[in-house]
Structures are given as C-alpha cells and as structure tokens.
Amino acid sequence: MKELDCLGEICPTPIIRLKQAMKTSGSGSKIKLITDHSCVQQSILDFLQKTNHKIEINEVINGVWEIVVTKS
C-alpha cells in the first residue's frame with residue numbers, strides 16, 4: 001500500500017498527490033492518504049464520485065484522517 005503523508009498540506013496539494021499516485025498504481029492497488037484538513041475528505045469524494053474506486057475514510061485521532069482509496 002502506498003502511503004501519502006499530507007499532514008499540514010492544504011487543497012489542492014493532497015488531490016494532486018493522489019492523482020499522481022493513482023497514475024502509477026495498478027488495478028486493485030491501495031493508496032492511503034493521511035491528512036489533518038477536513039476539507040480534503042470532501043475534495044477527494046468529489047474527485048472520485050464519477051469513478052468506481054472504493055474509498056474508506058477513518059478519523060484515526062481527533063483531527064487526523066486516513067483516507068484509503070482502492071483503485072478499480
């Protein structure tokens with residue numbers, strides 16, 4: 001699983017990093033993006049809503065989210 005540490009990064013940087021990681025990942029690959037900005041969740045949901053990729057969002061500690069995208 002690729003891991004993208006986006007702590008302290010604001011939009012659109014996490015989305016750009018996710019797009020780059022997805023380009024180099026094969027089908028079924030998982031990418032974990034870690035963020036401390038709540039707006040990143042909605043941005044990723046908006047970005048992925050027209051795809052078949054699976055997304056899982058967990059707040060692992062107060063104010064820090066792990067977003068796992070499984071590429072279809």
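The values are calculated or read from the model by the stated rules, or taken from the named source; none is laboratory data. The shown structure was predicted, so the numbers you read here are calculated from the model rather than taken from an experiment. Heads up, the Cβs are rebuilt from the backbone with ideal geometry, glycines too, and the neighbour counts pull from every protein chain shown.
Taking the criterion of being without any contact (Cβ under 8 Å) to a residue 40 or more places away in the chain and more than 13 Å from the chain's Cα centre (by Cα), the residues of region 16-33 that qualify are 23, 24. Of the residues making up region 4-60, not one is charged (D, E, K, R) and touching a helix residue (DSSP H, G or I) at 6+ places or on another chain (Cβ under 6 Å). Inclusion of residue 32 among residues that are surrounded by 12 or more Cβ atoms within 10 Å (Cβ to Cβ), on the phi < 0 side of the Ramachandran plot and among the charged types (D, E, K, R) is warranted. Taken over region 43-72, residues that are at pLDDT below 95, under 10 Å from the mean Cα position of the chain (by Cα) and of a type in the set (S, T, N, Q) amount to 1. Of the residues making up region 22-72, those that are basic (Lys, Arg) and more than 16 Å from residue 7 (Cβ to Cβ) are 23, 30, 50, 54, 71.
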